[in-house]
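Step one of this worksheet: look at the structure below.
The values are calculated or read from the model by the stated rules, or taken from the named source; none is laboratory data. From a predicted model like this one, the values you see are computed outputs, not experimental measurements. Note that we place each Cβ from the backbone using ideal geometry, even for glycine, and neighbour counts take in every protein chain shown. Heads up: the accessible areas ignore ligands, DNA and RNA and are worked out on the full protein's heavy atoms, side chains in. Shrake-Rupley method; radii C 1.70, N 1.55, O 1.52, S 1.80 Å.
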Amino acid sequence: MTARRVMGIETEYGISVPGDPTANPMNLSGAVVTAYATRQGIRSTRAGWDYEDEAPLRDARGYDLSRAAADPSQLTDEADPTLANVVLTNGARLYVDHAHPEYSSPEVTSPRAAVVWDRAGELVMREASRLLSPPGAPGVNLYKNNTDGKGASYGTHENYLMRRSTPFADIVKHLIPFFVVRQVMSGSGRVGIGAESTRPGFQLSQRADFFEVEVGLETTLKRPIINTRDEPHAVTDRYRRLHVILGDANHCDVANVLKLGSTSLVLALIEAGAVTRDLTLDQPVTTLREISHDPTLRTRVKLADGTSMTSLELLRSYQEMADTWLTKTYGDGPGDWDEDTVQVMALWEQVLTGLERDPMSCARQVDWVAKLTALEGFRARDNLDWSDPRLRAIDIQWSDVRLDKGLFHRMAAAGRFDTLVDEDEVRRAVTAPPEDTRAYFRGQCLARFPDQVAAASWDSVIFDVPGRPSLQRVPMLEPERGTKAHVGELMERAHSADELLRALAVAD
């Protein structure tokens, strides 16, 4: 694999009601999901989630955490009938996760496609906010961010499909240093230092101050740099799904593509045994925070071997290893690499060079630089100290999903950022699934036979067909089957779910 592999993004959105800090976020989140689903004609009693293959307590280190020992937040395999949970025709899942509405994008095969369907999720949330904000009502505001600035943090998780044969110890060893410094390219920026923003200042990452350990199964308590949840949603003895909980929610296309693409390439290095330099850090968790707290990027990172380097030098080491491995494996001539890998490597070089020359030169590509540039403008104009609460308010306003309120969107409309995906493509992705993964089958089933789909999950669709004595479960354990090339013709010919099931039985 290269920059291309099966991947996806899950984003929990911040939620609030203007003027009502006591509003129940779980109820509000349910209203978000229900409002959008209803407008799309999705009934809450149909197309629920199939929990049969969920295994959130299975640990990649080789054991299962007992349910008695698990925190209730870890029991994500238990259906809560009081919480809204639907599957969309684009193959995504829209549901209530803890106290936030979450949009989990469908599976895609490239970083650029991941950004397309991630941005489609923003449109879903924007429409839900509009539906819940009629004239005269306080409305419901939604934010694509990862902290409220008062001590609460919520995730933007990435998922990457990997070879099961890759030793998990190698993943931990070689990925931790990369994850500690990746925020330099993909952090979203934050006003305030510390989990509760008790110290004034600005930092690179929304999430860095909320991580406490290097490796662990938890996602909301004792957050780890490497999450060990071993829940592949695919053929277990062939695949591993790396569940990454460290990243920020990105608005900038370049930072988002770079976050996903560079991570996929580092995973490719690990799978190939091509990491040629030991970059193990001395104190990863402490270093994660130190780097986040230093927008000058001058902090030196201490390695376990006693040497030190800056975060940019460490990132450059990974980029050079990726370039060497790609050239050795695929060649260095024009057209030897796939176009997604070419794009990611070009952006990696461009952004690293820009940050090395002057971090503030990357305001068109990197979220934290763009936000810091805007904040410095407000500080200079109104003579604001970093402790001024107006700066925290601006930080929150940056990520408002509404076009006329969100500061990022207003600056984007003025052409202040480099874009990599077309707006029409994003609008199509709100309802259309990717065509090159099993998300195509899932989404098409929901679009064509909504009344016959009883439930779905990442690896199954369950039909309730009139005349059949029991529910019919179609497993989808191979993420790159169920594509348009694979089942598109069957889909076109089937006029009912029953016809589709009969055709699938013959095809198998």
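Overview of values
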| item | result |
| --- | --- |
| Every pair of residues 6+ apart whose Cβ atoms lie under 9 Å, when the first sits in region 47-71 and is open to solvent by 20 Å² or more (accessible area, probe 1.4 Å) while the second is among the β-branched types (V, I, T) and at pLDDT below 80 | Y51/T76; E54/T76; D71/T220 |
| Residue match in region 354-377 (condition: open to solvent by 50 Å² or more (accessible area, probe 1.4 Å), over 17 Å from P295 (Cα atoms) and out of contact with any helix residue (DSSP H, G or I) (no Cβ under 8 Å at 6 or more places or on another chain)) | no |
| Subset of region 198-237 that is acidic (D, E) and either in contact with a Pro (Cβ under 9 Å, 6 or more places away or on another chain) or within 16 Å of V285 (Cβ to Cβ) (or both) - its residue that is surrounded by the fewest Cβ atoms within 10 Å (Cβ to Cβ) | E212 |
| Enumerated helices (runs of 4 or more DSSP H) restricted to region 382-441, each holding at least 3 residues that are open to solvent by 60 Å² or more (accessible area, probe 1.4 Å) | 389-398, 423-429 |
| Residue match in region 281-290 (condition: in a loop (DSSP other than H, G, I, E, B) and over 28 Å from P200 (Cα atoms)) | no |
| Filter pass, D248 being within 20 Å of the chain's Cα centre (by Cα), assigned to a loop (DSSP other than H, G, I, E, B) and either within 30 Å of P200 (Cα to Cα) or among the hydrophobic types (A, V, I, L, M, F, W, C) (or both) | yes |
| Close pairs (7 angstrom Cβ cut-off, 6 or more residues apart or separate chains): in the same structural domain as T373 (by the TED database) in region 296-322, of a type in the set (A, V, I, L, M, F, W, C) and modelled with pLDDT under 95 anywhere | S308/V301; M309/V301; T310/V301; S311/V301; L314/V301 |
| Where V453 falls short, out of the listed (1) out of contact with any Cys (no Cβ under 8 Å at 6 or more places or on another chain); (2) buried (at least 17 other Cβ atoms within 10 Å of the Cβ) | (1) |
| Answer residue from region 106-144, given it is among the polar types (S, T, N, Q) and open to solvent by 10 Å² or more (accessible area, probe 1.4 Å) and is farthest from D436 (Cα to Cα) among those | S133 |
| Residue in region 484-504 that is within 22 Å of D53 (Cα to Cα) and either at pLDDT below 95 or buried (at least 20 other Cβ atoms within 10 Å of the Cβ) (or both) present | yes |
| Residue ID - surrounded by the fewest Cβ atoms within 10 Å (Cβ to Cβ), chosen from residues in region 24-43 that are part of a loop (DSSP other than H, G, I, E, B) and out of contact with any strand residue (DSSP E or B) (no Cβ under 7 Å at 6 or more places or on another chain) | G41 |
| Qualifying residue in region 259-268 (condition: farther than 21 Å from T327 by Cα, at pLDDT 95 or above and within 19 Å of the chain's Cα centre (by Cα)) | yes |
| Conditions (1) over 21 Å from H233 (Cα atoms); (2) β-branched (V, I, T); (3) within 26 Å of the chain's Cα centre (by Cα): number failed by T483 | (1) |
| Selected residue (criterion: surrounded by the most Cβ atoms within 10 Å (Cβ to Cβ)) from residues of region 293-343 that are in contact with a Lys or Arg (Cβ under 8 Å, 6 or more places away or on another chain) and more than 21 Å from D278 (Cα to Cα) | T341 |
| L161 vs. criteria open to solvent by less than 10 Å² (accessible area, probe 1.4 Å), modelled with pLDDT of 95 or more and in the same structural domain as E320 (by the TED database) | no |
